[in-house]
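To start, the structure itself, in structure tokens.
The values are calculated or read from the model by the stated rules, or taken from the named source; none is laboratory data. Since we're looking at a predicted model, the values are computed, not measured. In this analysis, Cβ positions are derived from the backbone assuming ideal geometry, glycine residues included, and neighbour counts consider all displayed protein chains. Accessible surface is based on the protein model in full, side chains and every heavy atom, while ligands, DNA and RNA are left aside. Shrake-Rupley method; radii C 1.70, N 1.55, O 1.52, S 1.80 Å.
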Amino acid sequence: MLDLTGKNALVTGIANSRSIAWGIAQQIHKAGANLGVTFLPDEKGRFEKKVRDVVKPINPAIFAACDVQNESQVKATFQAVADTWDKLDILIHCLAFADKEGLTGDFSGVSREAFSKSLEISTFSLANMAKYAKPLMIDGGSIVTLTYVGGVKVIPNYNLMGVAKAGLEMSVRYLASELGSNNIRINAISAGPIRTLASSAVGGILDMIHHVEKVAPLKRTVTQLEVGNAAAFLCSDLASGITGQVLYVDAGYEIMGM
Ligand code: NAD
């Protein structure tokens, strides 16, 4: 039985009701976990309001502003976890960013600034959050991050994010090797294309979805809730022997050669 009763879970990356992080939050909440969520603050407080409305049904114990480029906010988020719960069991890292210039046109045209910013937000943030989560996961734990097949194969326009995801997937392996002795597991889910705020920035996302609908063995793409189910499994004791892996939740698309 998939049971997360009594587990404390911090979920990052909810922007709106289409977010993959929201699909994950709903499924791990359904499995019995206590939830804390973060949001990306902006000057007018629009994201905060949006996320607050979306997460109302799960009534999170923690609601923290966390821009991963802001070290004091990251620190404060994990301090809130330590102040609220006696331990952390689950961390969901479900965020990424690339400027428009990194998601279209020639890959060689990407600027130094866009490259650094994307890798800092999308890749470095995983190791940085794992650093803060590690001492709080006193009974072991599970960390799950989100990646895409564009991190291992060339997908038109995915460009800079492909490099960020390649780094993210390798970070998962190095972190798994480090954290295993603390009984902390870390895995990535490689999701099929889903229409979200972030994916709409990738040139031709609808073409990608239509391509997957034609080519993938299941003749469709996946939903946020299907990704959420896989995340709940990876966070549960049913996955106690699995770490350092990339699990494809993509309707089988990745296996196809032609
Ligand atoms: P989304 O726009 O709903 O989520 C992206 C999140 O990243 C947002 O909540 C945003 O606030 C957050 N974010 C951006 N910059 C940040 C920063 N500086 N600090 C903190 N948070 C920041 O889109 P999504 O598609 O649900 O993306 C979630 C994850 O899933 C990403 O890692 C994405 O690459 C990955 N993914 C998406 C797809 C897809 O097709 N949608 C497929 C595979 C993997």
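Some notes on this structure:
- Condition check for Lys165: assigned to a helix (DSSP H, G or I), open to solvent by less than 50 Å² (accessible area, probe 1.4 Å) and either in contact (Cβ under 8 Å) with a residue 12 or more places away in the chain or not β-branched (Val, Ile, Thr) (or both): yes
- Condition met for Ser177 (of a type in the set (Gly, Ala, Ser) and touching a strand residue (DSSP E or B) at 6+ places or on another chain (Cβ under 9 Å)): no
- Beta carbons closer than 8 Å, at least 6 apart along the sequence or on distinct chains, pair a first residue in region 67-82 that is under 15 Å from Ser125 (Cα atoms) and away from the ligand (no atom under 12 Å from the Cβ) with a second that is open to solvent by less than 50 Å² (accessible area, probe 1.4 Å) and of a type outside the set (A, V, I, L, M, F, W, C) for Lys75/Tyr132; Phe78/Tyr132.
- Phe97 being away from the ligand (no atom under 14 Å from the Cβ), more than 26 Å from Leu4 (Cα to Cα), modelled with pLDDT of 95 or more and aromatic (Phe, Trp, Tyr): no
- In this entry, Ile189 passes the filter for residues that are open to solvent by less than 40 Å² (accessible area, probe 1.4 Å), in contact with a helix residue (DSSP H, G or I) (Cβ under 6 Å, 6 or more places away or on another chain) and either outside any helix (DSSP H, G or I) or farther than 19 Å from Arg173 by Cβ (or both).
- Pairing residues of region 180-206 that are in contact (Cβ under 8 Å) with a residue 40 or more places away in the chain and over 21 Å from Ala230 (Cα atoms) with residues that are open to solvent by 40 Å² or more (accessible area, probe 1.4 Å) and away from the ligand (no atom under 12 Å from the Cβ), at Cβ distances under 6 Å and at least 6 apart in sequence or on separate chains, gives Val202/Asn157; Gly203/Thr104; Gly203/Asn157; Gly204/Asn157.
- Identity of the residue in region 116-158, near the ligand (Cβ under 10 Å from one of its atoms) and small (Gly, Ala, Ser), that ends up surrounded by the most Cβ atoms within 10 Å (Cβ to Cβ): Ser122
- Residues that are within 18 Å of the chain's Cα centre (by Cα), among the aromatic types (Phe, Trp, Tyr), within 11 Å of the ligand (Cβ to nearest atom) and closer than 21 Å to Glu120 by Cα do not occur anywhere in region 7-22.
Per-residue answers, yes or no, for (1) touching a strand residue (DSSP E or B) at 6+ places or on another chain (Cβ under 7 Å); (2) part of a loop (DSSP other than H, G, I, E, B):
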{"residue": "Thr196", "(1), (2)": "no, yes"}
{"residue": "His210", "(1), (2)": "no, no"}
{"residue": "Glu213", "(1), (2)": "no, no"}
{"residue": "Lys219", "(1), (2)": "no, yes"}
{"residue": "Val227", "(1), (2)": "yes, no"}
{"residue": "Leu234", "(1), (2)": "yes, no"}
{"residue": "Leu238", "(1), (2)": "no, no"}
{"residue": "Ala251", "(1), (2)": "no, yes"}
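- Matching residues, region 59-77, being among the acidic types (Asp, Glu) and farther than 16 Å from Ala15 by Cβ: Glu71
- Considering region 21-57, the residues that are aromatic (Phe, Trp, Tyr) and in a helix (DSSP H, G or I) include one that is most open to solvent (accessible area, probe 1.4 Å), namely Phe47.
For every residue, the table says whether it meets (1) within 14 Å of the ligand (Cβ to nearest atom); (2) surrounded by fewer than 16 Cβ atoms within 10 Å (Cβ to Cβ); (3) more than 19 Å from Ser19 (Cβ to Cβ); (4) not aromatic (Phe, Trp, Tyr).
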site: Val202; (1), (2), (3), (4): yes, no, no, yes
site: Val212; (1), (2), (3), (4): yes, no, yes, yes
site: Val215; (1), (2), (3), (4): no, yes, yes, yes
site: Asn229; (1), (2), (3), (4): no, no, no, yes
site: Ala239; (1), (2), (3), (4): no, no, yes, yes
